[in-house]
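*Asks:* Dropping the structure in here first, questions after.
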Amino acid sequence: MVLAEANVPVGFLAMPTMGTTAPATLAGALAIGDAEVISATVLMQMVNPGAPVFHSIMQAWADPSSGRYVSYPLDAHGRYAPVEMAHHWGMPSLGACYGTDSRDAATWQSGSEVALDAYMIGLTGVEFVTGMGLTHTYTRLYPESLILDDDIYQKARYYLMSMEVTPETLALDTIDAVGPGGHFLAQKHTRRYMREAMKRGIAHQIGPDGSYRDPREAAIAQVKWILANHHPDPLEETKQRELDRILAAADRELRKQ
C-alpha cells in the first residue's frame, strides 16, 4: 500500500498448487489465483486510483504420492495461460519461465523442462519473465545456468524473428551460377554471408582441440570471464547523492520508531 501510494509499480504473484491450496483442476487453480491477484489489485486502486500493478500466476501441482511441489509435469501448459488472463484485465504480466525442478544444472531434466518456456511465453506477448538460472524449483541458483537459460532465450528470440527475404538473400544468381550438383563454397555470395550465417550457441563453442566444448564447461568459462572482466559503470555522482539522502532519511525515520 505504501508503494502504491508512491506510484511505484506493485506486482502480485499467486502460486496456487493443484490439490492442496487450489482445486485439482487447471481451470479451478487459475480461477482462484486470478481472484487473489485481482482482489489485491482492487485494494491498490482503492489506496491510489491508477496505481501501476502487474499480474502474475505461477500455478503448480502437488504430487499425489507425496504432496511434493512440482512445476513441470508432462502437461504444464497452464504456465502460459495466466498471461492471457492478465491481458484480459488490461494488465501487464510477469510470466512463468525457467526454474526447473531439476536439482542440478545442465542435466537432461533442467534443459528439457524449460526448453519451451521462452518460445511459448514469447508467443503470448508477455511483458517480462523471471526464473533464469534457477533450479530445484526456483530455490537454487547456478551461475552457469544463467548462461544456459540465456541460450534458450536467444534461440526463442531467433525463432520468433521474421526471415529476411530479399533478392540478395534469395541468391538466385548464385544458385544459377553453381548449377545442379555444384558447390557454393567458392562463391562470393557465400564468402560474404558465411561468417554470420550460423549464430553460435553455447553448444557450439570451439575448444582448443577444434571440437565443440561441453556446454556446461563453456558456460562456466563464460561466468568466470564475466566475473573477472565486467566492471559496471558507477552511478552518476548526483544520483549517488540522492540515494544517500534517501537512505539517511530512512535511517532517521527508523530511529524515531
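The values are calculated or read from the model by the stated rules, or taken from the named source; none is laboratory data. Note that the structure is predicted; figures quoted are calculated from it, not measured. Quick reminder, even Gly has a Cβ in these numbers, built from the backbone with ideal geometry, and neighbours come from all protein chains shown.
*Asks:* Give the residue that is surrounded by the most Cβ atoms within 10 Å (Cβ to Cβ), with candidates limited to residues of the stretch 178-212 that are touching a helix residue (DSSP H, G or I) at 6+ places or on another chain (Cβ under 6 Å) and either farther than 23 Å from residue 166 by Cβ or of a type in the set (S, T, N, Q) (or both).
*Replies:* Filtering first and then ranking leaves 202.
*Asks:* Another one. Which residue, of 86, 40, is farther than 30 Å from residue 216 by Cβ, touching a strand residue (DSSP E or B) at 6+ places or on another chain (Cβ under 6 Å), surrounded by fewer than 20 Cβ atoms within 10 Å (Cβ to Cβ) and small (Gly, Ala, Ser)? Working first, answer last.
*Replies:* Numbers: 86 fails: surrounded by fewer than 20 Cβ atoms within 10 Å (Cβ to Cβ).
Criteria check complete, one pass: 40.
*Asks:* If we scan the stretch 190-207, do we find a residue that is in a helix (DSSP H, G or I), under 30 Å from residue 219 (Cα atoms), free of Cβ contacts under 8 Å to residues at least 60 places away in the same chain and touching a strand residue (DSSP E or B) at 6+ places or on another chain (Cβ under 6 Å)?
*Replies:* Yes.
*Asks:* Could you please let me know if residue 92 is at pLDDT 95 or above, surrounded by fewer than 22 Cβ atoms within 10 Å (Cβ to Cβ), touching a Pro at 6+ places or on another chain (Cβ under 8 Å) and not small (Gly, Ala, Ser)?
*Replies:* Against the criterion (at pLDDT 95 or above, surrounded by fewer than 22 Cβ atoms within 10 Å (Cβ to Cβ), touching a Pro at 6+ places or on another chain (Cβ under 8 Å) and not small (Gly, Ala, Ser)), residue 92 does not qualify.
*Asks:* Could you list, in sequence order, all residues of the stretch 86-126 that are among the β-branched types (Val, Ile, Thr) and over 16 Å from residue 71 (Cβ atoms)?
*Replies:* 124, 126, listed by residue number.
*Asks:* Suppose we keep only residues that are touching a helix residue (DSSP H, G or I) at 6+ places or on another chain (Cβ under 6 Å) and part of a loop (DSSP other than H, G, I, E, B) within the stretch 105-160. Which one would you say is surrounded by the fewest Cβ atoms within 10 Å (Cβ to Cβ)?
*Replies:* In this case the residue turns out to be 160.
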